[in-house]
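A.B. asks: My questions will all concern the structure given below.
The values are calculated or read from the model by the stated rules, or taken from the named source; none is laboratory data. Remember, predicted model here, so these are calculated numbers, not experimental data. Reconstructed Cβ throughout: ideal geometry from the backbone, glycine too, with neighbour counts over all protein chains shown.
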Ligand code: 5AD
Ligand code: SF4
């Protein structure tokens, strides 16, 4: 979602007469779009501000600095105190006001806005966008789940769903502009329900019906909102790609309860089994936290067990990071850093092995690839398989935005390589033969 936000900020500032600088040295304005989800991400902001300031002092050319995103939302006052050189502080729901704020700052007053007017923001942004072969579409923002470790409900605010008719208009414009794939975005995307009662499965069906849209993905989902209707959609809607990012966080029911996750290890596994019944080739990805306060060795091993049972295609895993203002940060059973590091290493080695196995199983298959960008070598392009694997191959006449059949010849941990099989271009979904 930060990529989406950054693009929208660039569009807004572009409409206000600014152009993208070739490099940071040429910039009159530097916007740092920030993440507050873990401490490491948040701390980066201060070192980056320091670096920009030093650069400005050296060259004698001082760029205006704006801090946007969730660090701005959560630590606005602290930023102003720790980094007085910052000119603009704007939260994730107020960035439609960024052009006006830069004018205030240019007149010599620091501009700060951490309001949460989510729908007003989207209204101000409009639906005109630059399309890419795979384009993001934010359909929902914020979260009402309040997992005890997480800052999102505080930084992004309450759950807000954008009206379906406006989303469909935006999706149609993206398709007209050349988008072949739409990635529906939200912090809790499958909790989507607009004010007229349009639910998430329904919305996916309507986006799939748009001429030119061949692929749909969505992220990120909560296991508790994987309704029967949504699971069925994975079997019924041709354009819905066989890939789902479904964070489980832990395999221990006690830890899940302490995290205020409203699912259990068993209900999660049941959901995965139901998805595999309707779409046997679906690739599953997940998020994990190790070392949540009070997590015992036996409870951590339950996480390894669920990894074993789920067989992930891809995953993100993190050491628990205490976040100010969240209930878990003040629990008195914090886990030692060394224990967290050791558990993370064990978990990641299991997940990496699964990811490699998943990719190796693609060798010899012929798969449809949506070409997204040029590759490193002359004539080479990079695209995505239905299972979200990056695939490198020689274009042999195909262009960015095309969907072509590629025979997979080799697999690495993070990508595949192959050769076009022209006779099979554009036949069927997923695997061709
Ligand atoms: N510490 C570590 N990981 C976290 N996440 C969210 N909050 C924290 C935290 N305090 C992880 C979760 C979530 C992903 C986006 O980030 O796994 O799904
Ligand atoms: Fe954070 Fe996701 Fe939990 Fe919401 S559902 S509080 S975004 S981890």
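A.B. asks: Name the single residue, out of those in the range 16-37 being touching a residue at least 12 places away in the same chain (Cβ under 8 Å) and loosely packed, with under 12 Cβ neighbours inside 10 Å, that is farthest from residue 324 (Cα to Cα).
C.D. replies: Step by step, filter the range 16-37, then rank; the result is 25.
A.B. asks: Among the residues of the range 86-93, is there at least one that is loosely packed, with under 15 Cβ neighbours inside 10 Å, assigned to a loop (DSSP other than H, G, I, E, B) and touching a helix residue (DSSP H, G or I) at 6+ places or on another chain (Cβ under 9 Å)?
C.D. replies: no
A.B. asks: Something else: Report the residue count in the range 38-51 for those that are within 16 Å of ligand 1 (Cβ to nearest atom) and either over 21 Å from residue 321 (Cα atoms) or surrounded by 18 or more Cβ atoms within 10 Å (Cβ to Cβ) (or both).
C.D. replies: Residues in the range 38-51 being within 16 Å of ligand 1 (Cβ to nearest atom) and either over 21 Å from residue 321 (Cα atoms) or surrounded by 18 or more Cβ atoms within 10 Å (Cβ to Cβ) (or both): 1 in total.
A.B. asks: On to the next question. For the range 197-209, state whether one or more residues are within 19 Å of residue 242 (Cα to Cα) and not in a helix (DSSP H, G or I).
C.D. replies: Among the residues of the range 197-209, at least one is within 19 Å of residue 242 (Cα to Cα) and not in a helix (DSSP H, G or I), which makes the answer yes.
A.B. asks: Identify the single condition in (1) under 30 Å from residue 206 (Cβ atoms); (2) surrounded by 15 or more Cβ atoms within 10 Å (Cβ to Cβ); (3) in contact with a strand residue (DSSP E or B) (Cβ under 9 Å, 6 or more places away or on another chain) that residue 287 does not satisfy, given that it satisfies every other one.
C.D. replies: So the condition that residue 287 fails would be (2).
A.B. asks: Pull out all pairs, ordered by first then second residue, where Cβ-Cβ is under 7 Å, the residues are six or more apart or on different chains, the first lies in the range 319-340 and is within 21 Å of residue 42 (Cα to Cα), and the second is within 16 Å of ligand 2 (Cβ to nearest atom) and modelled with pLDDT under 95.
C.D. replies: If the second residue must be within 16 Å of ligand 2 (Cβ to nearest atom) and modelled with pLDDT under 95, the pairs left are 321/38; 321/39.
A.B. asks: Could you run through the range 149-184 and say how many residues are free of Cβ contacts under 8 Å to residues at least 40 places away in the same chain, within 16 Å of ligand 1 (Cβ to nearest atom) and surrounded by 20 or more Cβ atoms within 10 Å (Cβ to Cβ)?
C.D. replies: Here the count works out to 0.
A.B. asks: Another question about this same structure. Please enumerate the residues belonging to the range 94-135 that are under 30 Å from residue 399 (Cβ atoms) and part of a strand (DSSP E or B).
C.D. replies: 134, 135, listed by residue number.
A.B. asks: Quick one: how many residues across the range 162-197 are under 30 Å from residue 326 (Cα atoms) and more than 10 Å from ligand 2 (Cβ to nearest atom)?
C.D. replies: Going through the range 162-197 one residue at a time, the tally reaches 10.
A.B. asks: For the range 306-324, which residues satisfy the criterion of being within 25 Å of residue 73 (Cβ to Cβ) and either more than 6 Å from ligand 1 (Cβ to nearest atom) or not in a loop (DSSP other than H, G, I, E, B) (or both)?
C.D. replies: 316, 318, 319, 322, 324
A.B. asks: Collect the residues in the range 326-346 that are within 12 Å of ligand 1 (Cβ to nearest atom) and either at pLDDT below 95 or within 24 Å of residue 285 (Cα to Cα) (or both), keeping them in residue-number order.
C.D. replies: Within the range 326-346, 340, 344 qualify.
A.B. asks: I'm checking my understanding of the structure. Among residues of the range 144-161 that are part of a loop (DSSP other than H, G, I, E, B) and touching a strand residue (DSSP E or B) at 6+ places or on another chain (Cβ under 8 Å), which one is farthest from ligand 2 (Cβ to nearest atom)?
C.D. replies: Out of the qualifying residues, it is 157.
Conditions (1) more than 30 Å from residue 210 (Cβ to Cβ); (2) touching a residue at least 60 places away in the same chain (Cβ under 8 Å); (3) outside any strand (DSSP E or B), marked per residue:
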| residue | (1), (2), (3) |
| --- | --- |
| 244 | no, no, no |
| 256 | yes, no, yes |
| 269 | yes, no, yes |
| 277 | no, no, yes |
| 286 | no, no, no |
| 289 | yes, yes, no |
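A.B. asks: Right, something else. Scan the range 125-143 residue by residue and report those that are away from ligand 2 (no atom under 16 Å from the Cβ) and either in contact with a strand residue (DSSP E or B) (Cβ under 6 Å, 6 or more places away or on another chain) or on the phi < 0 side of the Ramachandran plot (or both).
C.D. replies: Those that are away from ligand 2 (no atom under 16 Å from the Cβ) and either in contact with a strand residue (DSSP E or B) (Cβ under 6 Å, 6 or more places away or on another chain) or on the phi < 0 side of the Ramachandran plot (or both): 125, 127, 128, 129, 130, 131, 132, 133, 134, 135, 136, 137.
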